[in-house]
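Have a look at the structure below before the remarks.
The values are calculated or read from the model by the stated rules, or taken from the named source; none is laboratory data. No experiment lies behind these values; they were computed from the predicted model shown. We place every Cβ from the backbone using ideal geometry, glycine too, and count neighbours over all the protein chains shown. These area figures cover heavy atoms from the full protein model, side chains too; ligands, DNA and RNA do not enter into them. Shrake-Rupley method; radii C 1.70, N 1.55, O 1.52, S 1.80 Å.
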Amino acid sequence: MSLRRSRIIGCGSYLPERVVTNAELGASVDTTDDWVVQRTGIRERRIAAKDQRCADLAREAARAALASAGVDPATGLDFIVLATTTPDNTFPATAARVQAALGMTRGMAFDVQSVCSGFIFALSVADNFIRTGQCRTGVVIGAEVYSRILDWEDRGTCVLFGDGAGAVVLSAVEGENGSGTGAGAGILSTHLHSDGRHYDLLYVDGGVSTTGTAGHVRMNGREVFKHAVTNLSGVAEEALAAHGLTPADISWLVPHQANKRIIDGVARKLGVPAERVVVTVDRHANTSAASIPLALDEAVGDGRIKAGDLVLMEAIGGGFSWGAALVRW
Ligand code: COA
């Protein structure tokens, strides 16, 4: 068994300046602050400025993560993996734009598209590059400008999403520190799933080979809700069982921030008390692939997540695709 694993050595995030409240949205669609808060827990979200691209948000989050890790992107990075559904262009990868902006001229940079579970998928890809010995150090970013693919006349979806970016720096740890299940710090394992039969419950009605336009988010919210709670609690249990752990061992649950009721439903099903769940959905809304690294950065930054803690991340998105990552901090 490999003694090498990857460890998160730095976190960073970026939120656009503009705050949009539910009341502000109520001026253009038939909704109220009460309705949105009760059904979702969302109070406000950040919206990117017109001239801000996905790569701009991603670059800022990556810079913050690299600074906290003390890694120089020009010399110390082997890869950038960026999870997004709202890239700057159809090609090149938004990660390549970020690579250039960071002054990184070696290594590789590519995007991963797995919608709201994108960060977990990207983290898993990066973790595997490190475990196999192909790379030592890299950045994993989740960055989104969902405001560009929302139908601002559809109250069922436009109130749910926001813009933002989060990033982590991963580095290889070897030997004693990386060996023994649950013993050393690092990513213990990642668990990924997809089920393409549910395409039509959550999708964008555009794309290069369909309409030739970017399209808008379409969703059957009620159905998504049911799948979300079942699949997320399932993959969380799978991750714990792989290490002989139970929900009582979790120090922090860092879920994808789609809806407070989904977060509460999963925590209740697992038996994780609310005070051990990191919640940002009230202020960020659903930032898709960015939501987990944004929440992580907040909880690491304010001292809630500490060395030795067991952190469970889980997310679900269109496809459906869903996954979990278990990390010893
Ligand atoms: N303001 C006011 N009313 C709204 C509204 C809004 N923003 N959005 C929808 N409604 C209305 C609907 O039109 C419907 O009205 P009707 O009964 O007159 O037709 C009513 O509220 C109930 O709609 P429904 O969609 O059944 O509500 P819900 O209780 O399922 O809540 C969601 C809607 C979207 C909040 C909820 O289904 C949800 O959060 N689903 C998961 C979505 C998600 O997280 N997706 C991303 C996963 S990564």
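Would you confirm whether or not segment 31-49 contains a residue that is surrounded by fewer than 20 Cβ atoms within 10 Å (Cβ to Cβ), touching a residue at least 60 places away in the same chain (Cβ under 8 Å) and more than 16 Å from the ligand (Cβ to nearest atom)?
Taking every residue of segment 31-49 in turn, none turns out to be surrounded by fewer than 20 Cβ atoms within 10 Å (Cβ to Cβ), touching a residue at least 60 places away in the same chain (Cβ under 8 Å) and more than 16 Å from the ligand (Cβ to nearest atom).
Exactly one of these conditions fails for Ile263: (1) away from the ligand (no atom under 16 Å from the Cβ); (2) crowded, with 22+ Cβ neighbours inside 10 Å; (3) among the β-branched types (Val, Ile, Thr); (4) not in a strand (DSSP E or B). Give me its number.
(1)
Kindly list the number of the only condition in (1) without any contact (Cβ under 8 Å) to a residue 40 or more places away in the chain; (2) open to solvent by 60 Å² or more (accessible area, probe 1.4 Å) that fails for Leu3.
That leaves (1) as the condition not met.
Considering only segment 141-166, state which residues are open to solvent by 10 Å² or more (accessible area, probe 1.4 Å), among the small types (Gly, Ala, Ser) and either within 11 Å of the ligand (Cβ to nearest atom) or under 19 Å from Trp35 (Cα atoms) (or both).
Residue satisfying the conditions is Gly156 alone.
Looking at segment 204-212, is at least one residue modelled with pLDDT of 95 or more and either outside the structural domain of Leu296 (by TED's automatic domain parsing) or in a helix (DSSP H, G or I) (or both)?
no
Would you say Asp111 is assigned to a loop (DSSP other than H, G, I, E, B) and charged (D, E, K, R)?
Values: assigned to a loop (DSSP other than H, G, I, E, B): no; charged (D, E, K, R): yes.
Taking the combined requirement at face value, the residue does not satisfy it.
Checking the structure you have, find out if any residue of segment 131-138 is within 16 Å of the ligand (Cβ to nearest atom), touching a Phe, Trp or Tyr at 6+ places or on another chain (Cβ under 8 Å), modelled with pLDDT of 95 or more and in a loop (DSSP other than H, G, I, E, B).
The answer is no, given that none of the residues of segment 131-138 is within 16 Å of the ligand (Cβ to nearest atom), touching a Phe, Trp or Tyr at 6+ places or on another chain (Cβ under 8 Å), modelled with pLDDT of 95 or more and in a loop (DSSP other than H, G, I, E, B).
Given the options Ala248, Ala290, Ala274, Ala239, name the one that is within 16 Å of the ligand (Cβ to nearest atom), in the same structural domain as Gly318 (by TED's automatic domain parsing) and either surrounded by 15 or more Cβ atoms within 10 Å (Cβ to Cβ) or not basic (Lys, Arg) (or both).
Values: Ala248 fails: within 16 Å of the ligand (Cβ to nearest atom); Ala274 fails: within 16 Å of the ligand (Cβ to nearest atom); Ala239 fails: within 16 Å of the ligand (Cβ to nearest atom).
Checking each option against the conditions leaves just Ala290.
Which one of the conditions (1) among the basic types (Lys, Arg); (2) buried (at least 23 other Cβ atoms within 10 Å of the Cβ); (3) part of a loop (DSSP other than H, G, I, E, B) does Arg106 fail to meet, given that it meets all the rest?
If we test Arg106 against (1) among the basic types (Lys, Arg); (2) buried (at least 23 other Cβ atoms within 10 Å of the Cβ); (3) part of a loop (DSSP other than H, G, I, E, B), just (2) comes out false.
Would you please list the contacts, defined by Cβ atoms under 6 Å and residues six or more apart or on different chains, that run from a residue in segment 220-241 that is of a type in the set (S, T, N, Q) to a residue that is near the ligand (Cβ under 8 Å from one of its atoms)?
Asn231/Ile316
What number of residues in segment 100-131 are of a type in the set (Ser, Thr, Tyr) and over 16 Å from the mean Cα position of the chain (by Cα)?
Our first condition is that a residue be of a type in the set (Ser, Thr, Tyr); within segment 100-131, this holds for 105, 114, 117, 124.
Next cut, over 16 Å from the mean Cα position of the chain (by Cα) only: 105.
Summing the residues that are of a type in the set (Ser, Thr, Tyr) and over 16 Å from the mean Cα position of the chain (by Cα) in segment 100-131 gives 1.
Of these, Asp309, Asp297, Asp302, which one is surrounded by fewer than 17 Cβ atoms within 10 Å (Cβ to Cβ) and either over 21 Å from Cys158 (Cα atoms) or touching a Lys or Arg at 6+ places or on another chain (Cβ under 9 Å) (or both)? Write out each step before concluding.
Numbers: Asp309 fails: surrounded by fewer than 17 Cβ atoms within 10 Å (Cβ to Cβ); Asp297 fails: surrounded by fewer than 17 Cβ atoms within 10 Å (Cβ to Cβ).
Answer to the selection: Asp302.
For Thr280, indicate whether it is in the same structural domain as Thr230 (by TED's automatic domain parsing), under 20 Å from Phe119 (Cα atoms) and without any contact (Cβ under 8 Å) to a residue 60 or more places away in the chain.
In short, yes.
Can you tell me which residue is nearest to Met108 (Cα to Cα) among those in segment 72-97 that are outside any loop (DSSP other than H, G, I, E, B) and in contact with a Phe, Trp or Tyr (Cβ under 6 Å, 6 or more places away or on another chain)?
Out of the qualifying residues, it is Ala95.
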